[in-house]
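Here's the structure we're looking at; comments come further down.
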């Protein structure tokens, strides 16, 4: 039986609630942010739950202090606030300090990309991957459905270090109906293609799958890869998978060309000496205040299914042409 | 140093020890002028009382012993005086004091937790109290008896994150948490009062639900007594000692000067001051 779609945070928190029964070292810290599952955690484990209030700087520092006392800490808030309001606390008390003193702190940010659809740009989050991946000590994870999100919980409890999980606020369709993928490689091939490969993260993996279906209708067979470990994927494994393609398209629900997944992949291709052409799809840089459905907002900023199909079709013709024929 | 947690160092003359630390701190600064001297001279009696006065439980051979009292030194740059104290107590060798700020030394211009005895990252102000609050919460929830001490400056309290922690600590009745404010009244570019005043800090903290004591920060007996009182008080409130100190204490021209933070006394001035300490 395939799993019923769930909010990532609910799947993650259910797993956490279950584990708190057996693991007395798990401590949950919220910055006045909740969910129905969280109510159970608060009720059943009052001694290992604390709400610091609307105070993300203190959320991070208190989490660091708890972690130094040996707790496995889960800090929970809305994605833009848990990354950007308290970035220096993350840098100093988690990234720097964890290099000297072992600590396990997991930042659970809810509201990736446009998932707070009508709340506007304060609550939407297009910069978090960029700034969090700038901290070498912090692992950045971006699940595409609740099945992966739930599995990431076990990774978080079993591995030391600061980590950032970027969770979608909406209930997304299930991608991993047959069960969670192995997290080891940090990515999962969802569809094989002939010359082009779409590499997406989070919500954009769904967009990539839809776009691939549309592109197939016009004879363009593209591969689709779901990248869920943004900072910790297996480079050799990805290199091998990409080896059969001529072009790569990155898709992220974050600003285009501002240091996010696209920049990471450009860097990766450069370092492995790949001659593969790459095209980056992300949010047109700039803030917008227009209201609309998530699909409508995505089309406005050039990351909707229609925009992606059009861009990939344009790229498909150029990608197979060497940048400089003399080099080929 | 024995491997046992230090509960009391019998027969120590705290005032004499403070003098020695003062001289050693100046010596370090003479060798390593990159260190911040003025703000490292104001908290000497605080640290001497904590470490030699039987206030803190610590084990210099096992700096992270779970049974230790935690001491978070948030005013990092202004704690170079901790270098001779930690060396003297056996956290590392005295010879390390000769290499401050040199290649390969772990004793830098701003102390980091690569130094045995330092708990946290300190160079950026305003983080220590929040981290210490998390430690205190963890200890309290785990029903462990250890205390947490935090030393901040008064200028440092401009950082808003402190006030998030101040409210949090009283909300949770963290009476294992002891804040010591090295109130030297001076930030980098002038007197705290003229930049952004902390007002009546004691009153302010009390209104936030803390228990407070004020003390002359250079009267080592008074500081020592206040620390012991604070540590032993477990009345459901976090506690603060506001220690009124002088930045650049004991150095003519530096003491209580508005710009003392960014001034270095000339080597010959230090040499003169150190006569009689050899």
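Only the coordinates and a few stated rules stand behind these numbers; no lab work does. What you see is a predicted model, and the numbers here were worked out from it, not measured in a lab. Every residue, glycine among them, receives a Cβ derived from its backbone with ideal geometry; neighbour counts consider all protein chains shown.
Quick look at the numbers
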{"quantity": "Segment residue A:236-residue A:22, length gained on full extension (0.36 nm per residue, minus Cα span)", "calculated": "73.4 nm"}
{"quantity": "Additional length obtainable on full extension of the chain from residue B:158 to residue B:228, 0.36 nm per residue less Cα span", "calculated": "22.5 nm"}
{"quantity": "Relative contact order (percent, whole number), segment B:14-274, Cα cutoff 8 Å, 6+ residue spacing", "calculated": "22 percent"}
{"quantity": "DSSP bridge orientation in segment B:14-274 - percent antiparallel, rounded to nearest 5", "calculated": "5 percent"}
{"quantity": "Kirkwood hydrodynamic radius of segment A:250-323, from inverse mean 1/r over distinct Cα pairs, in Å", "calculated": "13.4 Å"}
{"quantity": "Kirkwood estimate for segment B:166-278, i.e. one over the average of 1/r between Cα atoms, Å", "calculated": "15.8 Å"}
{"quantity": "With Cα atoms, 0 to 90° folded angle of helix A:305-319 axis to chain A main axis", "calculated": "50 degrees"}
{"quantity": "Choice from A:239, A:151, A:217 with maximal GNM fluctuation in chain A (Cα, 10 Å cutoff)", "calculated": "A:217"}
{"quantity": "Cα-derived Rg to Rh of segment A:85-183, Kirkwood definition", "calculated": "0.99"}
{"quantity": "Relative contact order of chain A, defined on C-alpha pairs under 8 angstrom at six or more residues apart (%)", "calculated": "16 percent"}
{"quantity": "Gain on full stretching of the segment that runs from residue A:177 to residue A:293 - 0.36 nm per residue minus C-alpha separation", "calculated": "39.2 nm"}
{"quantity": "Amide N proximity, segment A:149-185 versus residue B:64 label position 7 Å along Cα-to-Cβ, cut-off under 19 Å", "calculated": "A:157-163"}
{"quantity": "Segment B:209-268 and segment A:55-83: distance between their alpha carbon centers, rounded to Å", "calculated": "30 Å"}
{"quantity": "Three principal axis lengths of chain B [C-alpha, angstrom, descending]", "calculated": "51, 47, 34"}
{"quantity": "Relative contact order %, segment A:187-320, counting alpha carbon pairs below 8 Å whose residues are six or more apart", "calculated": "26 percent"}
{"quantity": "Value of Rg/Rh across the protein assembly as shown [Cα atoms, Kirkwood radius]", "calculated": "1.05"}
{"quantity": "Shape metrics for segment B:160-199, restricted to C-alpha atoms - Rg then Dmax, Å", "calculated": "12.9, 36"}
{"quantity": "Mean ellipticity per residue at 222 nm, deg cm²/dmol - from DSSP H runs of n ≥ 4 across chain B, formula -39500 (n - 2.57)", "calculated": "-10000 deg cm²/dmol"}
{"quantity": "Antiparallel content of DSSP bridges confined to the protein assembly as shown, in %, to 5", "calculated": "10 percent"}
{"quantity": "Separation in nanometres of the label points that stand 7 Å from Cα toward Cβ, at residue A:306 and residue A:267", "calculated": "3.6 nm"}
{"quantity": "Compactness index (Cα Rg / 2.2 N^0.38 Å), segment B:112-232", "calculated": "1.06"}
{"quantity": "At 1.002 mPa s and 20 °C, Stokes diffusion of segment B:57-140 via Kirkwood alpha-carbon radius, µm² per second", "calculated": "160 µm²/s"}
{"quantity": "For segment A:126-192: Kirkwood Rh in Å [reciprocal of mean 1/r, alpha carbons]", "calculated": "13.1 Å"}
{"quantity": "Alpha carbon centroid spacing (whole Å) that separates segment A:5-37 from segment A:162-216", "calculated": "24 Å"}
{"quantity": "nm² value of the averaged projected area, convex hull over the Cα atoms of chain A", "calculated": "16.8 nm²"}
{"quantity": "Degrees separating the helix A:203-217 axis from the principal Cα axis of chain A, which is the longest one", "calculated": "20 degrees"}
{"quantity": "R0 of 41 Å, Cβ-Cβ distance residue A:257-residue B:196: FRET efficiency to nearest 0.05", "calculated": "0.55"}
{"quantity": "Distance between modelled label sites at residue A:218 and residue B:272, nm, 7 Å Cα→Cβ extension", "calculated": "8.4 nm"}
{"quantity": "Percent of C-alpha pairs per 10 Å bin, segment A:187-320, short to long", "calculated": "13, 47, 33, 7, 0"}
{"quantity": "Percent breakdown of C-alpha pair distances by 5 Å bin, ordered from the shortest bin, for segment A:206-280", "calculated": "3, 14, 25, 27, 20, 9, 3, 0"}
{"quantity": "Residue order, fewest to most surrounding Cβ atoms within 10 angstrom, among A:167, B:246", "calculated": "B:246, A:167"}
{"quantity": "Prolate/oblate/rounded call for segment A:8-167, Cα gyration tensor, a/c under 1.5 rounded", "calculated": "rounded"}
{"quantity": "Amide N proximity, segment B:182-208 versus residue B:34 label position 7 Å along Cα-to-Cβ, cut-off under 14 Å", "calculated": "none"}
